[in-house]
There are 2 protein chains.
Amino acid sequence: MTLTIRDVAKAAGVSTATVSNVLNKTGKVGRKTHRLVVSAVKRLGYVPDAHARHLASRDRHRTLGIIVSDIENPFFPEVIKGFELRAQQLGYDAILSDTNYDPRRTRRAAERMMEHKARGVAIMTSEISLRLIHELARRKIAVTFLDLAPTRAYMSNLRIDYASGVDQIVKHLYDLGHRRIAFVAGREGLKSNVARLEAYEDCMRRLGLELGPILPGDLRFEGGMSAGLAVAQMTPRPTAVIAINDLTAVGVIKGLMNAGCRVPQDVSVTGFDKTRLAEYSNPSITTVDIHRETLGRIAADALHELSDSATPNGKEYQIGAELILGESSGPAPVVEP
Amino acid sequence: MTLTIRDVAKAAGVSTATVSNVLNKTGKVGRKTHRLVVSAVKRLGYVPDAHARHLASRDRHRTLGIIVSDIENPFFPEVIKGFELRAQQLGYDAILSDTNYDPRRTRRAAERMMEHKARGVAIMTSEISLRLIHELARRKIAVTFLDLAPTRAYMSNLRIDYASGVDQIVKHLYDLGHRRIAFVAGREGLKSNVARLEAYEDCMRRLGLELGPILPGDLRFEGGMSAGLAVAQMTPRPTAVIAINDLTAVGVIKGLMNAGCRVPQDVSVTGFDKTRLAEYSNPSITTVDIHRETLGRIAADALHELSDSATPNGKEYQIGAELILGESSGPAPVVEP
DNA sequence: CGAAATTGCTTAACCGTTTAATCTCGCTGT
DNA sequence: ACAGCGAGATTAAACGGTTAAGCAATTTCG
């Protein structure tokens, strides 16, 4: 019924093996025959069956998977894009699963990767159980994690250089004359958030500055807004606020403005992650870009390397971060007498 | 080497057919044997090979594809989410391809769908050639389009109700007392943009209003900003601006503000699409939500229906739109003497 | 009680490719 | 003229499942 390699073989007057050799460019086919086959393929509009291919050749055709927690989170699409592009370049078929923060769907996602006989899986969510990780390891499926520790066999770790990002922000503010620098935190459970907070504390200490007030946040607009309101009423008031992410920063700005503070004239505000929000909010936000597309690309590279080498030792990769200047940060206000 | 159904069969002391029947819940297996098999599967940690499954049973295991032009465009992630979720519920495996507006990659995407023997493909990009569409049709692969016409066999169309969305915006502004309402356009080639412009003209006419100035835009921040500047300098100045999308609206607001206009006291501004931008920009934007997740869900449903029925007649589906009130629109300023 | 129907399981062919092993020639070199 | 050799093609056995057909044991029923 469906068009198979046999139909092509018949049409070209050769065997299926020859057609296969042409399709896979093994170079074992003579010029004349090659032309015959190619033209038959064209004429019939033949497209090989991916499943049959995968099944018959465990090595030539491979797939790489990526599991994200929430495709709606603007962090991920760029990562996915980088991942897919690189995977494609390396000759892999890429499949994506979204867990939606749901353990059941996370389990399904991992199963899907196994079912599809993925060579490697980039796990871009922290909500994954050890059981699943072990199951992947047992099948010798390469894995990359995001900001997690376990660099064991078949596992590499992608570390985002939050410290450097935070350093750049703090130094930027310091250079602008800010000394009282507040911090609006995110969720305590999240490694990435904790890392940023620690980097902040670290950097402040190194600069010999007193730790500014550390306010709670929720990674959302609302949390930022109440933090902004709180900051506006402090005495002495911090002259700068470092928010855990852009969305929080937008909230902080709104809160400050509602309380009558000008940004950045009275208070400077910075974000993190360089979302579109940072660029288009009003004022635009000074933030940190953590090369997400690069992250995706490196994940693919890492998986490729792991699954390719005979001795699959995990590595640690660093993803850089870069300060992006916006309108939300400016010189510290001159001290009142 | 890899764990196969034969290993499970051996471990459970039954035939592979029985294992298969248990796995597929055909109900042809006795209770005792069933338990035996299930426990063997658990014990060994067996996961069936998706490729072999697909190959062996062309009907039980099916996949649905979705092709988007740019996963970074915040419009798509939600659509994808709705699509994947529904596809999963209907028992399909969903695969995604991103074309990045590149015809070559669009071609690859379509080929991938054919290789994977997708039952249906939701095409969420307008950059697709007729050749490709015909190739899909020839293979009897169901297809859904976005705002395109050709409702033929194996093809359904998803129509976003832009008219209703625009109507709601115009009426909302009208009710607020606005009479001079400008429009900032997008790209001329895009159906969706044209539809919005036409709906605007239509609605203005029905309300007996003079068509406000129609300014060029580029779907981007910059275009919006220069439009905003332009509007600020007009006499008489429009009291409201309808932007083709949220990003443009943000630009318009920035432009207006830079020119000394207050939003919404002097000029009201509205967007379209309800992106995060609308919610978090300052002021937040009055916009139109076009239920994207629903769009994805309906796409999956449509494909399911097409590929399932014996007479695959294309249908037309409507996706609703809903006005979302923000801070960027308010009562028209009182007319100066 | 024996034939017929039902239940539960196995056997083996098949899905559409790839690929190792094998075969067929036309050439080379002696 | 002939053994030896490649290049180029074919044959057939996988790959890991599904499923129609067949068979054995048990149940149903006249």
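No lab work stands behind these numbers, since they all come straight from the coordinates. All of these numbers come straight from a predicted model, not from anything done at the bench. We place every Cβ from the backbone using ideal geometry, glycine too, and count neighbours over all the protein chains shown.
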So the label point sits 7 Å from Cα along the Cα-to-Cβ vector; using that for B:Y317, what distances do you get to the other copies, in nanometres, sorted shortest first? 3.6
Counting sequence-distant residues (5 or more places) and residues on other chains, those with an amide H built under 5 Å from that of B:L215 are B:F183, B:V184, B:A185
Those chymotrypsin sites (Phe, Trp or Tyr not before Pro) in segment A:99-182 that DSSP places in a loop and that have at most 15 other beta carbons within 10 Å: A:Y101
Just want the answer: with Cβ charges of +1 for Lys and Arg and -1 for Asp and Glu, which residue in A:A227, B:G223, A:L256 is farthest toward the dipole's positive end in the protein assembly as shown? B:G223
The base-10 log of I(q)/I(0) that the Debye equation returns for segment B:39-78 at q = 0.15, 0.20 Å⁻¹, one scatterer per C-alpha, is -0.65, -0.74
Charge dipole (debye, nearest 20) of segment A:22-133; +1 at Cβ of Lys and Arg, -1 at Cβ of Asp and Glu: 1080
With one decimal in nm and the nearest listed first, the spacings from A:R237 to its own position in the other copies, using label points 7 Å along Cα-to-Cβ, are 2.8
Taking placed amide H atoms and a strict 5 Å upper bound, the residues 5 or more places from A:S15 or on another chain that come that close are none
Base-10 log of normalised Debye intensity for chain A (one unit scatterer per alpha-carbon) at q = 0.09 Å⁻¹: -0.60
Let me check I've understood the local charge: for B:E316, count other residues with C-beta under 14 angstrom from its C-beta, Lys and Arg +1, Asp and Glu -1. What total comes out? -1
Positive dipole terminus of segment A:18-65, leading residue within A:A56, A:T18, A:H34 (C-beta point charges): A:H34
About the Cα centre of the protein assembly as shown, how large is the charge dipole given +1 on each Lys and Arg Cβ and -1 on each Asp and Glu Cβ? Please answer in debye to the nearest 20. 4240
The Cα extents of segment B:62-115 along the principal axes, largest first and rounded to whole Å, are 31, 28, 7
Using a Debye calculation, one point per C-alpha and no hydration shell, please list log10 I(q)/I(0) for segment B:61-213 at q = 0.10, 0.12, 0.17, 0.21 Å⁻¹ in order. -0.45, -0.61, -0.96, -1.27
With θ taken as phi - 60° and the coefficients 6.51, -1.76 and 1.60, list the Karplus ³J(HN,Hα) couplings across segment A:317-328 in order, rounded to whole Hz; mark glycine and proline as x. 10, 9, 10, x, 9, 9, 6, 10, 7, x, 8, 7
Rounded to the nearest 5, what is the percent of antiparallel bridges among the DSSP beta bridges in the protein assembly as shown? 10
Counting residues in the protein assembly as shown as N, plug N into 2.2 N^0.38 Å and put the Cα Rg over that result. 1.08
Using r as the Cβ-Cβ distance of A:Q89 and B:Y101, and R0 as 22 Å, what FRET efficiency do you calculate, to the nearest 0.05? 0.75
List every residue whose amide H lies under 5 Å from the amide H of B:S156, counting only residues 5 or more places away in sequence or on a different chain, with H placed 1.01 Å from N in the peptide plane. B:V143, B:T144, B:F145, B:K315
Filtering chymotrypsin sites (Phe, Trp or Tyr not before Pro) in segment B:1-99 by DSSP loop and by at most 14 other Cβ atoms within 10 Å leaves none
Taking a temperature of 4 °C and a viscosity of 1.567 mPa s, what whole-number D in µm²/s does Stokes-Einstein yield for segment B:137-226 with Rh from Kirkwood over alpha carbon pairs? 86
Of the convex hull drawn through the C-alpha atoms of segment B:185-246, the volume per residue in Å³ is 78
Under the convention of a label 7 Å out along Cα→Cβ, give the distances in nm from A:D70 to the same position in every other copy, shortest first. 2.4
DSSP loop (so not H, G, I, E, B), at most 15 other Cβ within 10 Å: list which trypsin sites (Lys or Arg not before Pro) in segment B:1-89 pass both filters. B:K25, B:K28, B:R58, B:R60
Could you tell me what a quarter of the Cα convex hull surface of segment B:215-335 works out to, in nm² with one decimal place? 8.8
What 222 nm value per residue comes from the helices of the protein assembly as shown, counting each DSSP H run with n ≥ 4 as -39,500 (n - 2.57) and dividing by all residues, nearest 500 deg cm²/dmol? -14000 deg cm²/dmol
